[in-house]
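The values are calculated or read from the model by the stated rules, or taken from the named source; none is laboratory data. Source: prediction; values computed, not measured. A quick note on method: Cβ atoms are made from the backbone with ideal geometry, for glycine too, and the neighbour counts reach across all protein chains shown.
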Amino acid sequence: MARLDRLGTAREFAQIAAVIGREFPYELLRALTAVPESELQLALTKLTEVELLYVHGTPPDAIYTFKHALIQEAAYEALLKSRRRELHRRVAQTLLEQFPATAEARPEVLARHWTDAGEAAPAIEAWRKAGNAARARSAFKEAEQSYRQALALVRSMPESAARDDLELKVASAFAGALQVTMGHSAPATVEASARIRALAEKSGKLDQLVPQLNGAFAAALVSGDLPAASNLADQILDFARRKEDPVSLGFAHMDQVLVCYYRGDLGSAEAHFVAGAPFFEVRSFRRFPAGFVSAFNHASLNAWTIGRADLAEQRIDEALATARANKSPYDLAYAFFVAGWLYCLLGQPERSEPLAAQAVALCDEHGFPHFGGLARVALGHATARLGRTQDGVSILRTGLQRLAEIGSRLGTTHYLTLLADAQMVAENFEEALYTIEECLQTNSGELTYRPETLRLRGELRLRNGQIDIAQADFTESIRLAQAIGAKAWQLRSTTSLARLLLSSGERAHALDRLAPLCSSFPVGLMTQDLAEADGLLGRLTESS
């Protein structure tokens with residue numbers, strides 16, 4: 001500060017510049033100072049000669065930078081608080097009036113000056129614009145911080161209906177950002193969603209309830225609370241039908257697809273996807289992060305499970321194409337890791353691994369903790385299936401640990417089954433059986449993957465020579481798969497059972513179980529599971 005004190009009037013210009021920021025354009029400083037241009041340039045020359053400022057370019061196009069942040073801070077702190085507020089107000093007004101392009105392109109700069117000027121109303125609007133701009137370019141962490149700043153200002157205002165309306169608007173955007181940066185089931189996200197519901201009900205803004213109920217649904221679903229998620233999904237569907245709004249109906253059917261899929265109500269999941277298809281295409285629905293992609297991702301997994309691998313690939317291709325067209329890292333990460341899962345299910349780890357790896361990279365780069373955990377599960381399984389078993393198991397465990405840290409329990413039955421499968425590939429049979437038992441004690445209402453868990457337990461018991469109880473596992477797996485309409489799992493379990501029956505000399509029985517099931521799949525459809533079943537069917541036919 002002593003160096004500034006010795007510079008006379010140049011110090012005053014440095015103080016004004018310090019209010020603008022660490023870096024400032026000559027044109028903006030000139031607009032804020034009512035002195036001849038020659039006097040301003042002389043003062044700036046002094047400041048650069050003593051190396052308090054660096055300059056790039058020449059006036060009027062010059063850009064100046066304080067050499068150290070401490071120098072800027074010292075100049076700023078030398079101003080009276082009232083003078084600082086006045087200058088911040090003048091900077092904001094000058095940006096709006098004389099530099100509108102800068103104000104439009106950098107709303108966060110405008111927001112900071114209005115905030116420091118003590119002007120809450122324009123500051124809130126500028127922070128909202130900054131958050132919206134960040135969200136549009138998928139900078140969700142930045143968007144979260146901007147909305148947080150706006151919310152703090154809103155909550156500092158006196159209580160009123162107008163304040164509640166404004167808080168509802170800002171909090172809705174804030175909760176959407178938190179869903180991406182922290183995950184749907186994080187305490188902060190759940191708390192934000194609850195506050196929004198309370199505000200919507202208090203103010204009678206029922207049009208806000210569907211997006212916020214959807215946030216509560218997502219939190220319940222991701223935490224593995226399927227009964228609560230089902231109840232919320234039904235409320236959303238009922239409200240959306242009464243409202244007859246395309247976006248609300250898109251959310252409603254998407255939520256039904258998700259919760260029905262995980263509950264094992266596969267027929268209803270398919271029906272809701274078909275019913276929701278027109279609403280998923282609505283542009284205003286597509287603008288929500290992962291809305292369209294989520295619907296098609298889960299419809300793809302559902303199609304595979306009901307025995308329509310052809311539809312599954314079509315839907316995941318559409319999800320990937322849309323994510324690429326949107327140029328959204330969040331949508332891309334989501335589509336990549338679900339595509340990785342699908343190709344694992346299809347028995348194509350060589351296609352799964354690069355997709356899952358891309359998802360991991362995007363999640364790590366942009367800070368998507370939920371998808372980052374899920375993508376590692378897919379990557380770990382593909383890695384193990386490609387022969388790098390220890391690496392695969394390690395990656396899988398890391399993914400599971402990250403999901404546990406954010407309170408995500410949805411799909412745990414599947415992920416633990418994938419871990420057991422990787423352990424079995426690594427010939428760690430005892431560990432695999434322990435993992436299977438842990439899986440079967442986890443979230444009994446999540447039925448979609450349970451047939452595969454039971455089948456895998458049968459395979460492990462068979463390796464221990466426990467033929468009778470292995471056969472019981474295969475039989476129970478088939479029964480459950482039939483009950484929920486999971487033809488893909490039914491095929492795997494029936495193949496395992498038929499192979500066991502063949503080894504026990506029960507060829508005719510094996511043929512009777514396998515042949516009708518194979519013939520029930522669409523003509524021309526061929527997957528690794530079908531190829532394996534057909535190969536076994538050929539052996540059974542030859543034997544008979």
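For region 395-418, a residue qualifies if it is surrounded by fewer than 23 Cβ atoms within 10 Å (Cβ to Cβ), assigned to a helix (DSSP H, G or I) and touching a residue at least 60 places away in the same chain (Cβ under 8 Å), and exactly one does: Thr412.
Does Phe288 meet the test of being of a type in the set (Phe, Trp, Tyr), part of a loop (DSSP other than H, G, I, E, B) and modelled with pLDDT under 95? Criteria met by Phe288.
In region 419-447, the residues that are without any contact (Cβ under 8 Å) to a residue 24 or more places away in the chain reach residues that are small (Gly, Ala, Ser) and in a helix (DSSP H, G or I) with C-beta atoms within less than 6 angstrom, at least six apart or across chains, in these pairs: Thr435/Ala420. Of everything in region 144-182 that is under 17 Å from Pro122 (Cα atoms) and β-branched (Val, Ile, Thr), the residue that is surrounded by the fewest Cβ atoms within 10 Å (Cβ to Cβ) is Val154.
Summed over region 256-283, the residues that are in a helix (DSSP H, G or I), in contact (Cβ under 8 Å) with a residue 60 or more places away in the chain and among the charged types (D, E, K, R) give a count of 1.
Can you tell me which of (1) among the small types (Gly, Ala, Ser); (2) modelled with pLDDT of 90 or more; (3) surrounded by fewer than 21 Cβ atoms within 10 Å (Cβ to Cβ); (4) within 26 Å of His370 (Cα to Cα) is the one Ala139 doesn't meet? Condition (2) is where Ala139 drops out. For region 510-522, state whether one or more residues are farther than 19 Å from Leu345 by Cα and not in a helix (DSSP H, G or I). So far as region 510-522 goes, yes, one or more of its residues are farther than 19 Å from Leu345 by Cα and not in a helix (DSSP H, G or I).
Of everything in region 78-101 that is within 42 Å of the chain's Cα centre (by Cα) and in contact (Cβ under 8 Å) with a residue 60 or more places away in the chain, the residue that is surrounded by the fewest Cβ atoms within 10 Å (Cβ to Cβ) is Gln98.
The condition of being farther than 30 Å from Leu151 by Cβ and at pLDDT below 90 holds for only one of Ala62, Ala34, Ala74, that being Ala34. Restricting attention to region 408-454, the residues that are closer than 19 Å to Val393 by Cα and of a type in the set (Gly, Ala, Ser) total 5.
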